[in-house]
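The numbers here are math on the coordinates, done by the rules we state, and not lab data. Computed from a predicted structure; not experimentally measured. Every residue, glycine among them, receives a Cβ derived from its backbone with ideal geometry; neighbour counts consider all protein chains shown.
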Amino acid sequence: MHNRSLHFGLHALAALWLLCAATTARATPTDDSVWVVLGPQGQAVARYLTSQPCPDIVVDGSTHRMHLRAAAALEAQRPTASPASASKAANFAQRTCEFDLPAGTHSASIHGSNLPVAHDSYRRIVVIGDTGCRIKSGEPAQACNDPQHYPFAAIARAAARWHPDLVVHVGDYLYRENPCPDNQPGCQGSPWGYGSDSWRADFFTPARALLQAAPWVMVRGNHESCQRGGQGWWRFLDPRPLQAGRDCNLASNDMRGNFSDSYAVPLGDSAQIVVMDSAAVPRQPLEADDPRTQALRASLEQALQLTHQAQFNFLANHHPVLGFAAFYGHDGQAELAPGNSALQALLRKMQTGLYPASVDVLLSGHVHVWEQLDFAGTYPSQFIAGFSGTQEDIVPLPAHLPPDAQPAPGAQVAHFSSWVNGFGFMTMQRRDNQRWDVQIHDREGKVVNTCTIEGRHSQCKRDQIED
Ligand SMILES: [Fe+2]
């Protein structure tokens, strides 16, 4: 009796194992990552990161093999922003696969799991930025292993629960640049450097819920310049075809790899997001004969030109042009730093008021706070959403700005709102052609402030959120 029961139990276990194995074979392997990025004209590209051969993708019932975008490779070590003693060659242990989803695609799936697809009109947009866990030589490291101190995964889950139809990341994905120091328990065991293990820990794993929720617009940050995470940027995230020489693998090609054309993602109903690559812009104005001047001016000109093709324009680039950062001066007092001077200088030569009237709202990150500015004159509103995981900037911003505080000469602030030392995400819900309802959410998704955008103007309910 006992033996028969055991025998039956083993059979049941074997059957269960077979069932699980069959289910697992169909499901997306847990080490793999899948996402959809939108590029020029809203072209949706499905991407898949895997150690296996590129999988099939089923698009509206037809099966296709995904194309290889980038093979697994251990790239030769290149000079980086990190000291040589804290650098290593970037190892990309997985291959990146991709497939262009035709316009009007209703459904797409890989291994039986559905992918988010593009829409004609986007009405519910999540905006996040600056999401990696900061480990940098010579500085106290962020406690990457503690979700309280590195909450990107929780923020991604909360943002997914809001059910966006689009996600915009305003740049800076990779922050684990150097080894975790021995004396800092919060980041022990973390991968580091610019290879795929760091990318997975800093981005693909914590972002998973939000990558499944909606297609993304991916803006490039300075952490994705060629001297930092640029190799991964081109392999994984940039929406356009990968070009040899524009991949940040060789420093001699960095002038190509560090810059790229601007493009527009239509949101429907004559609204769009124009995306500009400012990864390699310095803080201070460039000399006229610096080759970067020409490259950045071309990107800005393209971006501004693109804004003439829609009635409502978000302009997204990583470095805020019309926002403030705060820092402690020599006397220990908090001081305000203006917007990026190099971009301001280039824009000033193109346009009075820095931007044409077609630009309504600037979306940026880089400063690790949430911030909103509305202007008295002919300037677009500026929003900063660099508060979604990376160690926060904690120097306080004033609740009310001094009367002479201007993020760019002549830009007179009419309304200013901020949240310093609070992690979260921002949402924008379209009300009509010119109006969007903005909410600021904490890491769990609780709304802590609300704002309205109306044309170029914006205003928030609360001037400042105390953490
Ligand atoms: Fe940045």
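Computed values, structure above
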read-out: CD proxy at 222 nm, helix term only [per DSSP H run n ≥ 4: -39500 (n - 2.57); per residue of the chain; nearest 500]; value: -5000 deg cm²/dmol
read-out: Axial C-alpha extent at least 15 Å, average Kyte-Doolittle at least -1.0 - helices from the chain (DSSP); value: 2-26, 291-306
read-out: For segment 272-426, alpha-carbon Rg and Dmax in angstrom; value: 15.2, 49
read-out: Only Lys, Arg (+1) and Asp, Glu (-1) charged, at Cβ; the chain dipole about Cα centre in debye; value: 1060
read-out: Cα pair count fraction exceeding 15 Å, expressed as % - segment 280-371; value: 63
read-out: Overall Cα dimensions of segment 109-188, principal axis frame, Å, largest first; value: 50, 28, 20
read-out: Dimensions in Å of the chain - Rg and Dmax from alpha carbons; value: 22.9, 91
read-out: Interchain or long-range residues, amide H under 5 Å from residue 335's placed H; value: 327, 328, 329
read-out: Dipole of the chain, positive direction: furthest Cα of 267, 383, 398, with charges on the beta-carbon; value: 267
read-out: Positive-end residue, the chain charge dipole about Cα centroid, Cβ charges, pick of 433, 186, 64; value: 64
read-out: Rounded to whole Hz, the Karplus (6.51, -1.76, 1.60) HN-Hα couplings of segment 373-384, x for glycine and proline; value: 9, 10, 10, 6, x, 8, 10, x, 5, 10, 10, 10
read-out: Quarter of Cα convex hull surface for segment 121-266, i.e. mean projection, nm²; value: 9.2
